[in-house]
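So the structure is just underneath, and the comments pick up after that.
The values are calculated or read from the model by the stated rules, or taken from the named source; none is laboratory data. In this text, all values refer to a predicted model and were calculated from it rather than measured experimentally. All Cβ positions, glycine included, derive from the backbone under ideal geometry; neighbour counts span all protein chains shown.
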Amino acid sequence: MGRIADALKRAERERRQAPDFSSGAARGALTNQTPVGRAKTPETPFAALEDGACEEKVALVEGLSESLVPFFDRSSLVTEQYRSLRTRLLSQNPNYEHRTIAITSAVPREGKSVTTLNLAAVLAEIRHIKVLVVDGDFRRGSLATMLNQTRAPGLAEALCGSANYSEVIRDTPIPNLKFVQAGETKSRSAAELWTAASASPIFQRMRNDFHYTIIDTPPATTVTDVGIIGQFCSGVIMVIRLHGTDELASKRAVRLLQVNNIAILGCLLIGRDTPSGRYGYGYGYSYYHYYNYYNRKREGE
């Protein structure tokens with residue numbers, strides 16, 4: 001499995017050896033190379049604080065999730081980590097070709113929905129880039145709630161033909177960011193919707209209309225959706241929670257993506273390191289670069 005396997009093994013080993021920091025608030029900022037300790041998903045991200053400092057207050061937008069760090073705290077280190085991921089993506093696309101990227105994880109509750117929305121938000125900061133975020137999780141879609149969107153026709157309705165394309169593209173409180181919610185499947189299965197004849201034209205139109213389309217998908221090992229969605233995408237980024245995601249589950253997710261010939265653009269490791277005597281961040285992000293790694297493996301390089 002190469003470098004990704006090494007990273008997963010190290011994370012699993014450290015997860016087993018790490019003490020349980022069940023008391024206390026934030027446990028220190030994530031380092032890019034040696035993340036250790038156990039991360040717990042907080043309700044809302046914390047701002048970066050010095051010793052003895054007070055938590056910075058931000059003006060909230062009613063109903064909008066505080067997990068949207070780039071919206072509420074543009075100068076935080078967490079936001080900068082998302083921008084670092086954005087830079088990696090843009091550096092691999094110097095000609096600004098239109099890209100569709102799926103975000104998945106091995107198992108539920110790994111932070112992929114928060115990652116999807118925050119990545120889309122920092123891409124939307126570049127005003128000449130048109131960005132669309134799509135909730136592709138028909139079972140547990142959460143992006144509409146995070147964006148304070150009312151129930152309306154979404155991707156499911158577009159795929160089954162009960163709504164047209166223009167009806168499902170909605171504005172968001174984030175400038176330059178459009179949104180498609182999951183919608184209601186009614187009596188149809190997710191597999192039936194994803195394999196509908198309308199699916200390919202809809203995704204092609206999204207690709208034509210937006211420079212970047214970021215799709216939140218269900219976990220790769222629990223349902224088969226990402227194997228179908230990935231066929232419409234430029235590639236997939238897999239979210240792995242340090243000291244939380246089981247190594248075997250992560251390997252299985254990678255194998256499933258490979259079997260379906262889906263390009264793995266990268267692996268986003270999410271977590272916190274051990275306490276350092278200072279307050280840190282509710283989320284830390286480290287991007288490990290594996291662009292085209294698995295493609296090269298398949299080609300025998």
Fill in: Conditions (1) under 25 Å from Phe203 (Cβ atoms); (2) out of contact with any Pro (no Cβ under 6 Å at 6 or more places or on another chain); (3) crowded, with 18+ Cβ neighbours inside 10 Å: number failed by Asp73
(1)
Practice prompt. May I ask you to list the residues in the range 155-185 that are out of contact with any Pro (no Cβ under 8 Å at 6 or more places or on another chain), loosely packed, with under 15 Cβ neighbours inside 10 Å and either free of Cβ contacts under 8 Å to residues at least 24 places away in the same chain or closer than 17 Å to Ile228 by Cα (or both)?
Written response: Asn164, Ser166, Asp171
Practice prompt. Hand me the list of helices (runs of 4 or more DSSP H) wholly inside the range 183-264 holding 3 or more residues that are within 20 Å of Glu110 (Cα to Cα).
Written response: 225-229, 247-259
Worksheet entry | Which numbered condition Glu125 fails, given (1) surrounded by 24 or more Cβ atoms within 10 Å (Cβ to Cβ); (2) within 15 Å of Phe71 (Cα to Cα); (3) in contact with a helix residue (DSSP H, G or I) (Cβ under 8 Å, 6 or more places away or on another chain) | (1)
Worksheet item: Does Thr150 satisfy the condition of being in a loop (DSSP other than H, G, I, E, B), over 14 Å from Thr104 (Cβ atoms) and β-branched (Val, Ile, Thr)?
Response: yes
Worksheet, complete the sentence: Of the residues in the range 133-148 that are out of contact with any Leu (no Cβ under 8 Å at 6 or more places or on another chain) and not charged (D, E, K, R), the one that is nearest to Val168 (Cα to Cα) is Ala144
Item to complete: Check the range 155-164 and report whether any residue there is of a type in the set (Asp, Glu), at pLDDT 90 or above and either touching a strand residue (DSSP E or B) at 6+ places or on another chain (Cβ under 7 Å) or outside any helix (DSSP H, G or I) (or both).
Response: no
Worksheet item: Can you tell me which of Gln231, Gln258 is at pLDDT 90 or above, on the phi < 0 side of the Ramachandran plot, out of contact with any helix residue (DSSP H, G or I) (no Cβ under 8 Å at 6 or more places or on another chain) and not aliphatic (A, V, I, L, M)?
Response: Gln231
Worksheet item: Ala144: under 16 Å from the mean Cα position of the chain (by Cα), within 19 Å of Ala102 (Cα to Cα) and either in a helix (DSSP H, G or I) or of a type in the set (Ser, Thr, Tyr) (or both), yes or no?
Response: yes
Worksheet item: Hey, Glu62 hits all of (1) at pLDDT below 85; (2) outside any loop (DSSP other than H, G, I, E, B) but one; which does it fall short on?
Response: (2)
Item to complete: Would you please name the residue that is surrounded by the most Cβ atoms within 10 Å (Cβ to Cβ), looking only at residues in the range 86-103 that are outside any strand (DSSP E or B) and among the aliphatic types (A, V, I, L, M)?
Response: Leu89
